[in-house]
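Take a look at the structure set out below.
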Amino acid sequence: MARRKNAWKKTALMAGGFILAVLVVLGVVMGVGAWRDRASYVDPASLTTTVSIDGQNRDVAPYAVCEIGAPADTCDGTVFTTDLNSGDSVKVTVPEEVGNHDWSLLAIYDDPAKNDEYYFRSTDPRDVEIPVKKDTATLMMVEISSMQVQRTDGEESPVIVTWSIADEEA
């Protein structure tokens with residue numbers, strides 16, 4: 001009888017130890033996952049795109065950060081203006097948070113027939129060179145768009161982030 005009690009105690013102690021070990025490992029895994037999730041989040045409104053014209057780099061803040069389905073008039077911001085035509089080309093470099101998934105670039109010329117739209121994937125380079133002149137057309141504006149995740153009060157929602165760079169003469 002005493003042996004049976006000791007065996008029962010041993011089994012209960014081992015089961016309790018196993019359950020405790022599983023709970024500790026689970027807690028550590030969930031804690032590390034939550035910490036990494038918080039640490040890796042970047043607010044889409046703080047992402048900047050770099051525009052290089054004639055060797056000079058300029059950081060451009062987003063023109064708009066819009067929730068999908070939001071009215072367009074609630075998303076407007078300030079268009080970044082610069083002299084797009086001071087060099088032969090404009091180099092646009094998107095941040096890693098944009099380049100690690102799909103994004104698009106629209107180059108608008110003063111001749112609409114010359115406009116170009118490019119789509120990029122995470123495997124593509126994060127920088128693009130755009131010619132200032134295309135035959136007789138002159139570059140007027142560059143727009144970059146990317147879908148991001150925005151967190152507000154713990155809630156996540158998809159947003160479209162747009163950077164607009166316009167020629168100051170446009």
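The values are calculated or read from the model by the stated rules, or taken from the named source; none is laboratory data. Just so you know, these numbers come straight off a predicted model, no measurement behind them. All Cβ positions, glycine included, derive from the backbone under ideal geometry; neighbour counts span all protein chains shown. These area figures cover heavy atoms from the full protein model, side chains too; ligands, DNA and RNA do not enter into them. Shrake-Rupley method; radii C 1.70, N 1.55, O 1.52, S 1.80 Å.
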Q: Using a 1.4 Å probe over the heavy atoms of the protein chains, calculate the carbon and sulfur portion of the accessible area of segment 28-116 as a whole percent.
A: 49 percent
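Extension gain THR11-GLU168, at 0.36 nm per residue separation less the Cα-Cα distance, in nm?
Working: separation 157, 0.36 × 157 = 56.52 nm, distance 7.87 nm.
Once the chain is fully extended between THR11 and GLU168, it gains 48.7 nm.
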Q) Dipole magnitude of segment 83-160 about its Cα centre, charges +1 at Lys/Arg Cβ and -1 at Asp/Glu Cβ only, in debye to the nearest 20? A) 180 debye
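Percent relative contact order of segment 25-153, based on C-alpha pairs within less than 8 angstrom and at least six residues apart? Walk me through the numbers on the way to the answer.
Values: 191 pairs, mean separation 29.7, N = 129.
About 23 percent, as a whole number.
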Q. Along the charge dipole of segment 69-137, Cβ charges K/R +1 and D/E -1, which of PRO71, PRO95, THR123 sits furthest on the positive end?
A. THR123
Q: Taking the Cβ of LEU105 as the centre, find all other residues whose Cβ is under 9 Å away and add up their charges (Lys, Arg: +1; Asp, Glu: -1).
A: -3
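Provide the FRET efficiency to the nearest 0.05 for the ASP127-LEU26 pair, computing r from the beta carbons and using R0 = 35 Å. Write out the running numbers ahead of the final one.
Numbers: r = 43 Å, r/R0 = 1.22.
Given R0 = 35 Å and the Cβ-Cβ separation, E is 0.25.
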Q. If you compute mean projected area of the Cα convex hull in nm² for the structure shown, which of (i) 18.3; (ii) 19.2; (iii) 15.2 do you land on?
A. (iii)
Q. Accessible area per residue, 1.4 Å probe, Å², for the chain: what's the number?
A. 66 Å²
Q | Compactness of segment 95-170 - radius of gyration and Dmax, Cα, Å | A | 14.8, 51
Q. What list of ³J(HN,Hα) values in whole Hz, one per residue of segment 136-146 in order, does the Karplus curve 6.51 cos²θ - 1.76 cosθ + 1.60 (θ = phi - 60°) give from phi, with Gly and Pro shown as x?
A. 9, 7, 10, 5, 10, 7, 10, 10, 10, 10, 8
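With a sphere of radius 11 Å drawn around the Cβ of GLU169, what net charge do the other residues whose Cβ falls strictly inside it have (Lys, Arg +1; Asp, Glu -1)? Can you show the working numbers first?
Details: positive: none; negative: ASP83, ASP110, ASP167, GLU168.
Taking every Cβ under 11 Å from that of GLU169, the sum is -4.
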Q. Given the rule -39500 (n - 2.57) for each run of at least 4 DSSP H residues, summed and divided by the residues of the chain, what is its mean residue ellipticity at 222 nm, to the nearest 500 deg cm²/dmol?
A. -9000 deg cm²/dmol
Q. How large is the dipole of the chain about the Cα centre if only Lys and Arg carry +1 and Asp and Glu carry -1, each at its Cβ, rounded to the nearest 20 debye?
A. 2600 debye
